[in-house]
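What follows is calculated from the coordinates using simple rules that are stated; it is not laboratory data. Please read these numbers as outputs of a predicted model, since none were measured by experiment. Every residue, glycine as well, gets a Cβ built from its backbone with ideal geometry; the counts of neighbours run over all protein chains shown.
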There are 2 protein chains.
Amino acid sequence: MEVIAAVKNRRAVKSFDPHHKMSDETRQVLLETAVLAPSAYNIQHWRTVDVRDPAQRAAIREVAWGQTQVTDASALYVLCADLNAWQEEPQRYWATSPQPVQDFVLPKLDEYYRGKPEVARDEAMRTLGIFGMTLMLVAQDLGYDSCPMDGFDFDAVAKIIRLPADFAIGYMVAVGKGTGNAWPSNREPVEKLVYIDHF
Amino acid sequence: MEVIAAVKNRRAVKSFDPHHKMSDETRQVLLETAVLAPSAYNIQHWRTVDVRDPAQRAAIREVAWGQTQVTDASALYVLCADLNAWQEEPQRYWATSPQPVQDFVLPKLDEYYRGKPEVARDEAMRTLGIFGMTLMLVAQDLGYDSCPMDGFDFDAVAKIIRLPADFAIGYMVAVGKGTGNAWPSNREPVEKLVYIDHF
């Protein structure tokens, strides 16, 4: 499916066919493609929990306002970020680059994040947005519907998935075969959202 | 271009043809499609500054380590968020929905954000990630290259674009016709980034 069509067709679907199984091949393509999304300094700080165990799904649903997509979607991804990824052997993110690129990027990377936890957090949330949207559009291309979700108790989900210290949850993405229409919603006209040169 | 191909072809291009002009029609399609991206509670808090004035571009380049894509790309978008969008007549975001949907969503929306500025900020960054990735993939579909950028002095750019109080800058996206190869980079194997059921 072409990108523009995928963007237009994508809607936050709330009800999924609980009987549909996603093939292992599709699961692999979905994630292998999504990890090609960009991240600042290529630190790839996304860490995704693919929740398959029905008991885990049920536990999450309980702390997610009972939303049925948590248990009924074919896949449920909890998108997390490792807030310290920038300092975990960062040379490996640039190992395939020529030495001059590495020499330029690696000190910049350190300077960008060191001692600035709020910068690392903003960056993590941005990247999870980028990563998750890639995942949702690839899902659309593969014939699936999706739903981004942040309506849940973040602390409770962190416990359920055993989130390590210095990791943050961004949001969840449910992927599956939609069975109902998405809630209708509307968009502001572009003219109200775009400014020329300055506010 | 199909989504998966667009994701694979997209690279952070650092050099652009400074002579290429993007048509008004393309600019319109790019933004009109990007605003179909999802946002939590459909609050659409993205506010994009489309920097066209060469003097504004030059001023931004000075506080962005002199990176040439700032001046040479056909379009430069500073992706910002209105951190208070959640409380600005939020019923308008759901005006086309049936009354029961509105009655459910609107109190939830208020409860989600009220008194929690850090939640609003995380959400803004996530949404700008989602919005910007949509923009970059649509650009790819339209035959353009792009570069997401957060290597700049955020406070200095805020002054240049006259960022209002209670707005935040997420990052910038340059869009244009690439003239050079992107820096090579590598990706971690999926297996290192995906956990089953829990960490």
Would you list B:R114, B:R27 from fewest to most Cβ contacts within 10 Å? B:R114, B:R27
The relative contact order of chain B, taking Cα pairs under 8 Å that sit 6 or more residues apart, comes to a percentage of 36 percent
Per residue Cα convex hull volume in Å³ - calculated over region B:104-199: 217 Å³
Whole-Hz Karplus couplings 3J(HN,Hα) for region B:185-199, θ = phi - 60° and coefficients 6.51, -1.76, 1.60, Gly and Pro as x, run 8, 10, 10, 5, x, 3, 4, 7, 10, 10, 10, 9, 6, 6, 6
Would you mind ranking B:I130, A:I169 so that the residue whose beta carbon has the fewest other beta carbons within 10 Å leads the list? A:I169, B:I130
Karplus-derived 3J(HN,Hα), 6.51/-1.76/1.60, for each residue of region B:177-182, Hz, glycine and proline x: 8, x, 10, x, 6, 5
Diffing region A:100-117: the Karplus 3J(HN,Hα) column from phi (6.51, -1.76, 1.60, θ = phi - 60°), in whole Hz with x for Gly and Pro, holds x, 5, 4, 5, 7, 6, 5, x, 4, 4, 4, 4, 5, 9, 4, x, 10, x
Return an integer: the convex hull volume of the alpha-carbon atoms of chain B, in Å³ per residue. 169 Å³
Quarter of the Cα convex hull surface for region B:1-73, i.e. its orientation-mean projected area (nm²): 6.7 nm²
Quick one: Cα centre-to-centre distance for region A:20-93 and region B:38-102, in angstrom? 26 Å
If you take all C-alpha pairs in region A:70-153, what percent of them are over 15 Å apart? 69 percent
Scaled radius of gyration (Cα, divided by 2.2 N^0.38 Å) that the protein assembly as shown gives: 0.93
Just how many pairs of Lys in region A:3-193 have C-alpha atoms closer than 21 Å, counting pairs that are eight or more places apart or on different chains? 5
Cut-off under 5 Å, modelled amide H: who pairs with B:W183 long-range: B:K14
Using the number of other C-beta atoms within 10 angstrom as an exposure proxy, rank A:M172, B:M1, A:M136 with the fewest first. B:M1, A:M172, A:M136
